[in-house]
Amino acid sequence: MTVAQILATRRLVVCVGAGGVGKTTLAAAMGVSAANHGRHVLVLTIDPARRLADALGVEGLGDSATEVPVQGASGSMHAAMVEAGPSYDRLLTGLTDDASVLEQLRANPIYRVFSRTLARSHAYVAVERLHDAMHDSRWDLIVLDTPPATNAVDILDAPGRLTGFLEHSVVRWLLPDGNHASGRRFARGGRAIRVALRALMGPRLLGEASAFFGLFGRLRDVFASRAVRVERMLRGPETAFVLVGNPSPGTLATSIHLDADLRARGISIEAAIMNRSYEILDRDHSTRVVTSVAPELPADLPDAYRTPAERLRQFRSLAADRNADARAAASELMVLLPVSTLRLAIPQLDGAGHSVEDLGRFGPFFDGSVL
Amino acid sequence: MSHDDLLPVFDLDLVFVTGKGGVGKSLVSAAIASEAARVGLRPLLVQLGSRTSMEAIFGTRLAAQPTFVGSGVTALSLDPNTALVEYLEAHLPAPRLARLLARSAGLRWLFRAAPGVPELVSLDRLARFLDEREPGRARWRPIIVDLDASGHARMFFDLPRVLGRFAAGGPLEPVVGRVRAMLEAPGTGVCLVGLGTPLAGRETQELYRVLVDQYEMLVAGLVINDLIQPPLPGIVDRDLDQLDQWAASTGAREVELDVDYGRRVRRRYEASRRAVAELRAAVAAPCVEFPRLEHPTGAAALRRLAPLLTGGAR
């Protein structure tokens with residue numbers, strides 16, 4: 001199994017990994033590779049930085065899909081950056097015909113802030129965008145780029161969390177007309193909590209929060225069914241999770257944690273890509289990881305060239321040692337992964353990832369399996 | 001390598017260290033703390049949330065309360081959940097209520113999910129650390145905060161604006177006001193961390209502009225991390241060309257590969273210097289360059305890097 005094969009056969013590829021490993025670049029490169037192999041791809045990023053736009057050499061990516069021209073491709077590529085505000089607004093419009101609910105929600109200050117704040121909304125919005133993309137016949141593959149490390153598992157937790165929360169008793173305490181299911185003890189606890197919340201937030205803010213949850217609660221069923229669909233997709237056979245990492249100690253530790261977090265949620269990583277994990281030391285065989293270089297120089301080397309030749313040989317030899325060390329370090333993560341997980345090492349590719357043409361340089365690595 | 005120093009950072013009361021993911025913010029935060037201790041200040045290093053980066057540097061998990069971790073550094077991990085409990089205890093009229101709220105799983109979810117709340121309780125906790133006194137002076141100075149990746153940094157600095165309207169006229173107003181005062185104080189600033197690669201450099205520049213233009217934060221310093229040193233000093237292009245020609249004519253393939261690799265690293269170095277120059281030109285703050293290290297973490301790395309921050313000026 002190769003990454004190219006994963007890209008050829010799946011409906012959704014989710015890229016997870018620590019910050020700074022080149023995840024967004026690789027997600028874009030996967031998009032290019034898939035387009036070159038005849039698929040119609042949407043690369044979706046939920047990381048708020050402009051990285052994907054930079055990697056694709058595209059000016060600004062918005063919430064709707066922008067075509068990315070891939071020269072000579074038999075398929076096609078589009079890209080979009082999930083933006084909380086527009087996504088939520090669009091989501092709401094698609095969810096219900098009840099005009100008054102929509103109007104009140106849009107006017108609710110808590111909704112307005114909640115739908116636009118950077119940090120936490122992204123997972124929920126990504127879920128909604130995924131749902132839409134899954135049902136859009138324009139694309140047969142979605143490559144999803146997630147924010148660095150810890151937030152990545154939010155995408156799995158998000159669908160269940162929101163609907164679970166809306167069921168939770170606490171929300172009922174917040175609802176203006178108190179939807180208490182059971183008896184007095186329940187109601188007493190709720191009263192105390194309302195007192196505490198009022199002391200913390202003040203009556204006005206508490207009122208607005210109640211209104212917000214009341215409105216959101218009315219949309220609960222719609223959220224729930226969408227959430228079920230996305231969750232099923234995320235966990236289904238058409239989806240592959242790809243971990244992107246590198247051999248540095250900090251990143252390895254984060255990658256190991258990520259794998260554990262995903263496993264705890266019943267997800268197996270299908271491919272682990274160690275990016276920038278070796279230096280190309282044989283320019284004619286870039287997929288070969290050179291881990292040792294013989295120190296002997298040719299006997300007929302002119303004396304005048306000996307010193308620079310020795311230093312250059314030593315320089316490349318040290319790089320070969322570092323390749324060996326990196327491979328050994330990466331194995332710390334690799335031993336934890338299931339035997340069936342594809343392992344791929346990608347070297348430091350100078351200057352790659354600044355244009356669509358450049359992203360094509362990752363192609364040969366996706367076609368093989370190197371470690 | 002140029003020799004600015006980051007002395008302005010050491011004159012601050014509160015330093016937020018931020019930059020895109022993976023640049024080495026934790027290492028730089030630790031280096032600032034270590035150097036601050038060495039020059040006789042009383043730094044407190046604060047890691048937000050539980051991440052693994054500080055563990056690799058100090059060889060131990062950070063505790064929830066200030067604890068000495070070596071290299072002259074006192075540090076803690078500020079977990080929003082713990083900060084929430086402390087906030088509740090500090091702001092609720094009865095301890096019983098605080099316990100009740102803290103025990104409710106649903107409420108904990110609500111607080112974690114609600115925009116700005118984790119940031120608010122964390123910033124409130126920071127404000128209380130800033131207020132701690134020992135006879136005649138502040139107990140901790142400077143407080144160095146390792147802020148995780150840029151997106152969350154923005155949430156922090158934007159907090160007074162986001163919550164301002166909601167807080168008005170209610171019990172949150174003085175809390176938000178204090179946080180705003182802390183962020184706007186002249187003794188509060190940012191140390192930006194970046195890398196010397198074109199893509200990373202551009203993103204760092206973007207972040208700088210947001211910090212200065214949108215949040216009006218003082219950027220007191222820039223650290224560019226993980227920089228490669230001039231490769232193969234003393235070998236000139238002519239050496240490479242001649243050796244390459246000889247190797248090609250005699251079929252000495254391994255020698256050709258040696259030259260090719262040497263040239264590639266040279267080009268990489270030159271691209272890095274261009275990226276550094278561009279970043280330095282775009283960021284109006286003193287800049288210190290950290291070299292790439294063989295072992296980029298641990299006490300040895302701190303010993304090597306921390307003194308570069310003051311350039312031996314103190």
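The values are calculated or read from the model by the stated rules, or taken from the named source; none is laboratory data. If you're wondering where the values come from, they're calculated on a predicted model, not measured in any experiment. Here Cβ is always computed from backbone atoms with ideal geometry, including for glycine, and neighbour counts include all displayed protein chains. Ligands, DNA and RNA are excluded from the accessible area calculation, which covers all protein heavy atoms including side chains. Shrake-Rupley method; radii C 1.70, N 1.55, O 1.52, S 1.80 Å.
I'd like the residue in the range A:261-299 that is part of a helix (DSSP H, G or I) and in contact (Cβ under 8 Å) with a residue 60 or more places away in the chain and, out of all such residues, is farthest from A:A27 (Cα to Cα).
Of everything passing the filter in the range A:261-299, A:D261 is farthest from A:A27 (Cα to Cα).
Restricting the range A:321-363 to residues that are under 16 Å from A:F241 (Cα atoms) and assigned to a strand (DSSP E or B), which is modelled with the highest pLDDT?
A:L344
Return the residues of the range B:129-173 that are in a loop (DSSP other than H, G, I, E, B) and either surrounded by fewer than 21 Cβ atoms within 10 Å (Cβ to Cβ) or modelled with pLDDT of 85 or more (or both); say none if nothing qualifies.
Within the range B:129-173, B:E132, B:P135, B:G136, B:R139, B:W140, B:P142, B:L147, B:A168, B:G169, B:G170, B:P171 meet the criteria.
Of all the helices (runs of 4 or more DSSP H) wholly in the range A:1-82, which have at least 3 residues that are of a type in the set (V, I, T) and buried (at least 22 other Cβ atoms within 10 Å of the Cβ)?
Where helices (runs of 4 or more DSSP H) fall fully within the range A:1-82 and carry at least 3 residues being of a type in the set (V, I, T) and buried (at least 22 other Cβ atoms within 10 Å of the Cβ), they are A:23-36.
Just checking, does the range A:235-245 include any residue being at pLDDT 75 or above, in a loop (DSSP other than H, G, I, E, B) and more than 26 Å from A:V21 (Cα to Cα)? Please lay out each step first, then the result.
First, the residues of the range A:235-245 that are at pLDDT 75 or above: A:235-245.
Within this subset, residues satisfying the condition of being in a loop (DSSP other than H, G, I, E, B) are A:236-238.
Pick out the ones that are also more than 26 Å from A:V21 (Cα to Cα) and you get A:236-237.
Within the range A:235-245 (the criterion being at pLDDT 75 or above, in a loop (DSSP other than H, G, I, E, B) and more than 26 Å from A:V21 (Cα to Cα)), the answer is yes, since at least one residue qualifies.
Looking at A:R306, A:R276 in this structure, which one is surrounded by 14 or more Cβ atoms within 10 Å (Cβ to Cβ) and basic (K, R)?
Selected residue: A:R276, the only one of A:R306, A:R276 that is surrounded by 14 or more Cβ atoms within 10 Å (Cβ to Cβ) and basic (K, R).
Would you check which residues across the range B:177-198 are closer than 24 Å to B:L305 by Cα and part of a helix (DSSP H, G or I) and list them?
Correct list: B:P198 only.
Go through the range A:340-352 residue by residue and tally those that are surrounded by fewer than 18 Cβ atoms within 10 Å (Cβ to Cβ) and within 12 Å of chain B (Cβ to nearest Cβ).
Residues in the range A:340-352 being surrounded by fewer than 18 Cβ atoms within 10 Å (Cβ to Cβ) and within 12 Å of chain B (Cβ to nearest Cβ): 3 in total.
If I go through the range A:180-213 residue by residue, how many of them are at pLDDT below 75, within 22 Å of A:I110 (Cα to Cα), surrounded by fewer than 19 Cβ atoms within 10 Å (Cβ to Cβ) and within 9 Å of another protein chain (Cβ to nearest Cβ)?
So the count comes out to 0.
Identify the residue in the range A:309-323 that is surrounded by 15 or more Cβ atoms within 10 Å (Cβ to Cβ) and not charged (D, E, K, R) and, among all such residues, is nearest to the chain's Cα centre (by Cα).
In this case the residue turns out to be A:N323.
Tell me, yes or no, whether the range B:166-178 has at least one residue that is more than 13 Å from chain A (Cβ to nearest Cβ) and more than 30 Å from B:L293 (Cβ to Cβ).
Yes, some residue in the range B:166-178 is more than 13 Å from chain A (Cβ to nearest Cβ) and more than 30 Å from B:L293 (Cβ to Cβ).
Which residues, counting only those in the range B:1-23, are outside any helix (DSSP H, G or I) and open to solvent by less than 20 Å² (accessible area, probe 1.4 Å)?
If we filter the range B:1-23 for residues that are outside any helix (DSSP H, G or I), which is where we start, we get B:1-6, B:11-23.
Residues satisfying the conditions are B:L6, B:L12, B:L14, B:V15, B:F16, B:V17, B:T18, B:G19, B:G21, B:V23.
In the range A:353-371, how many residues are aliphatic (A, V, I, L, M) and crowded, with 20+ Cβ neighbours inside 10 Å? Before you say what the answer is, go through the steps one by one.
Narrowing the range A:353-371 to residues aliphatic (A, V, I, L, M): A:356, A:359, A:370-371.
Filter once more, so that each one left must be crowded, with 20+ Cβ neighbours inside 10 Å: A:356, A:359.
Going through the range A:353-371 one residue at a time, the tally reaches 2.
Out of the residues in the range A:276-290 that are more than 11 Å from chain B (Cβ to nearest Cβ) and within 26 Å of the chain's Cα centre (by Cα), which is nearest to A:R232 (Cα to Cα)?
Filtering the range A:276-290 for residues that are more than 11 Å from chain B (Cβ to nearest Cβ) and within 26 Å of the chain's Cα centre (by Cα), the one nearest to A:R232 (Cα to Cα) comes out as A:S277.
With B:V265, B:V255 as the choices, which residue is more than 20 Å from A:D303 (Cα to Cα) and either crowded, with 20+ Cβ neighbours inside 10 Å or within 8 Å of chain A (Cβ to nearest Cβ) (or both)?
On inspection, the qualifying residue turns out to be B:V265.
Quickly run through the range B:194-232 and pick out the residues that are within 11 Å of another protein chain (Cβ to nearest Cβ), β-branched (V, I, T) and open to solvent by less than 20 Å² (accessible area, probe 1.4 Å).
B:T204
Quick check on the range B:72-112: of everything there that is in contact with a Phe, Trp or Tyr (Cβ under 8 Å, 6 or more places away or on another chain) and either open to solvent by 50 Å² or more (accessible area, probe 1.4 Å) or within 10 Å of chain A (Cβ to nearest Cβ) (or both), which residue is farthest from B:L27 (Cα to Cα)?
Filtering first and then ranking leaves B:G106.
If B:A64 meets every condition in (1) farther than 30 Å from A:V195 by Cβ; (2) touching a Ser or Thr at 6+ places or on another chain (Cβ under 9 Å); (3) of a type in the set (A, V, I, L, M, F, W, C) apart from one, which number is that one?
(1)
Given the criterion more than 19 Å from A:L344 (Cα to Cα), surrounded by fewer than 20 Cβ atoms within 10 Å (Cβ to Cβ) and either of a type in the set (S, T, Y) or within 14 Å of another protein chain (Cβ to nearest Cβ) (or both), identify the matching residue among A:D221, A:D261.
A:D261
Mind checking which pairs have a first residue in the range A:59-79 that is among the aliphatic types (A, V, I, L, M) and a second that is surrounded by fewer than 16 Cβ atoms within 10 Å (Cβ to Cβ), Cβ under 9 Å, 6 or more apart or different chains?
Listed by first residue and then by second, the contacts come to A:A65/A:D136; A:A65/A:R138; A:V68/A:G57; A:A73/A:G38; A:M77/A:E67; A:M77/A:P69; A:A79/A:E67.
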